[in-house]
1. Could you figure out which of (1) modelled with pLDDT under 95; (2) open to solvent by 60 Å² or more (accessible area, probe 1.4 Å) isn't true of Asp74?
2. Can you confirm whether region 210-225 contains a residue that is within 16 Å of the chain's Cα centre (by Cα), modelled with pLDDT of 95 or more and not hydroxyl-bearing (Ser, Thr, Tyr)?
3. For region 186-199, what are the residues that are crowded, with 16+ Cβ neighbours inside 10 Å and either modelled with pLDDT of 90 or more or not in a helix (DSSP H, G or I) (or both)?
4. From Phe57, Phe10, which residue is part of a loop (DSSP other than H, G, I, E, B), surrounded by 17 or more Cβ atoms within 10 Å (Cβ to Cβ) and either modelled with pLDDT of 90 or more or on the phi < 0 side of the Ramachandran plot (or both)?
5. Return the residues of region 296-323 that are over 14 Å from Leu142 (Cα atoms) and either touching a strand residue (DSSP E or B) at 6+ places or on another chain (Cβ under 9 Å) or among the acidic types (Asp, Glu) (or both); say none if nothing qualifies.
6. Could you list, in sequence order, the residues of region 22-33 that are among the polar types (S, T, N, Q), open to solvent by 60 Å² or more (accessible area, probe 1.4 Å) and either in contact (Cβ under 8 Å) with a residue 24 or more places away in the chain or closer than 17 Å to Lys282 by Cβ (or both)?
7. Taking the condition under 25 Å from Leu142 (Cβ atoms), open to solvent by 60 Å² or more (accessible area, probe 1.4 Å) and of a type in the set (Ser, Thr, Tyr), does Thr339 pass?
8. Kindly indicate the residue of region 311-324 that is open to solvent by less than 80 Å² (accessible area, probe 1.4 Å) and in a helix (DSSP H, G or I) and also nearest to Gln105 (Cα to Cα) among those meeting that condition.
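The values are calculated or read from the model by the stated rules, or taken from the named source; none is laboratory data. Everything quoted here is computed from the prediction, not taken from an experiment. Here the Cβ positions follow ideal geometry from the backbone for every residue, glycine too, while neighbour counts run over all protein chains shown. Please note that ligands, DNA and RNA were not included when accessible areas were found on the heavy atoms of the full protein model with its side chains. Shrake-Rupley method; radii C 1.70, N 1.55, O 1.52, S 1.80 Å.
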Amino acid sequence: MESLNNGSGFNEVELESFQRQIADRFQDLGSVSSDELLSLPWVRKLLDVFLSCEEEFRGILVNNKGRLMKPPLDRLIADFYERSVKSLDVCNAIRDGLDQIKQWQKLMEIVICALGHRNVNKNNTNKRILGEGQVRRARKALSELAVGLVDDKDSSQPLALRNRSFGRNNNSSNSQSKDQHRLGYFRSLSWYVSRSWSAAKQLQAIGSNLVSPRANEITATNGLAMLVFTMGNVLLFVMWALVAAIPCQDRGLQVHFYMSRQFPWAASILSLHDKIMEESRKKDRKNTSGFLMEIYQIDKCSRSLSELTGSVQFPISEEKEKELRQRVEEMGQVYEAVTEGLEPLEKKVRELFHRIVHSRTEGLDCLGRGHNSE
């Protein structure tokens, strides 16, 4: 408060620096090859970028507490935190989508074990033991995999009944009652999400009324209104990109980003948006349940193996066995990539969820104390 009275609060230089850092980070995200875009490591990096931006955003707000409870900034801040609450359901849906990928991973393991099995004969040479039973088992797993990978918008079987929350795992006795009080509101939104829940509609709700502040609002808030608007767009884009990449209920990417390219960060975000949309339009990715690169690779490998196992005749020829072995090795590589990337991403989504909860609680506590002091 004292610094504000001395005129050293938030200024135009800080705003430009914050916006430029966002521009640079998203430009870096968009500079990768098409093989890296929307991969598990890339999505994790996207969340790291958001967490870094959010940390700086929160730091600026903390340093300008005296301005937060004054109109119109109090309303803009409250609107931002309302958007962040709506993003918690997206986090839960993404977590369920990652669980779905784990199920596909188990099916891949069945295929690899069935078709990649070897024994050692009496002469100590590797000999393929591949019978009808193993092929039949692999076919069944590949069939289940094919069904799961298709984005069936008319299906009555959603990925999962979302009745869990990342916040549920906090059982510390020292902070349990405090956490229960703080998380109570979030549970009403993210503890249970019905079968009629829609990722597309949730994204629309997050972006609702997200418009550039008027000149008088920017002036009245010393530029902080633009800071909040910028962070609101970052939040919306990150949630949109998660829904684009990871399977979730009623996916939809028709979200309008109302941002002028005059903003320093707009060009890099819109360019990244265009690249993701370009991937979504590719013929071999149109009907998949998510545009994650590893999902595309799973789909490609499983289709190839399905065609190959469907044409197998017994006794299997040496040439067919060699081709099968190559395809299984390719699936094994995809399996390893999923194994390495899935758990770190799940941890990162959990971190995102808790950061949003903590930041909103902290921000509203600050606003509440400010109003009470008045």
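1. Every condition holds for Asp74 apart from (2).
2. Filtering region 210-225 down to residues within 16 Å of the chain's Cα centre (by Cα) leaves none.
Taking every residue of region 210-225 in turn, none turns out to be within 16 Å of the chain's Cα centre (by Cα), modelled with pLDDT of 95 or more and not hydroxyl-bearing (Ser, Thr, Tyr).
3. Restricting attention to region 186-199, the residues satisfying the condition of being crowded, with 16+ Cβ neighbours inside 10 Å are 186, 190-191, 193, 197-199.
Hits for region 186-199 are Trp191, Val193, Trp197, Ser198, Ala199.
4. Values: Phe57 fails: part of a loop (DSSP other than H, G, I, E, B).
Result of the check over Phe57, Phe10: Phe10.
5. Within region 296-323, Tyr296, Ile316, Glu318, Glu319, Glu321, Glu323 qualify.
6. Selection gives Gln27 alone.
7. Working: under 25 Å from Leu142 (Cβ atoms): yes; open to solvent by 60 Å² or more (accessible area, probe 1.4 Å): yes; of a type in the set (Ser, Thr, Tyr): yes.
Yes; evaluated as a whole, the condition is true for this residue.
8. So in region 311-324, the residues open to solvent by less than 80 Å² (accessible area, probe 1.4 Å) come out as 311-312, 314, 316-317, 320-321, 323-324.
This time we only want the ones that are in a helix (DSSP H, G or I), so: 320-321, 323-324.
Details: Lys320: 25, Glu321: 23, Glu323: 22, Leu324: 19 Å.
Per the stated criteria, the residue is Leu324.
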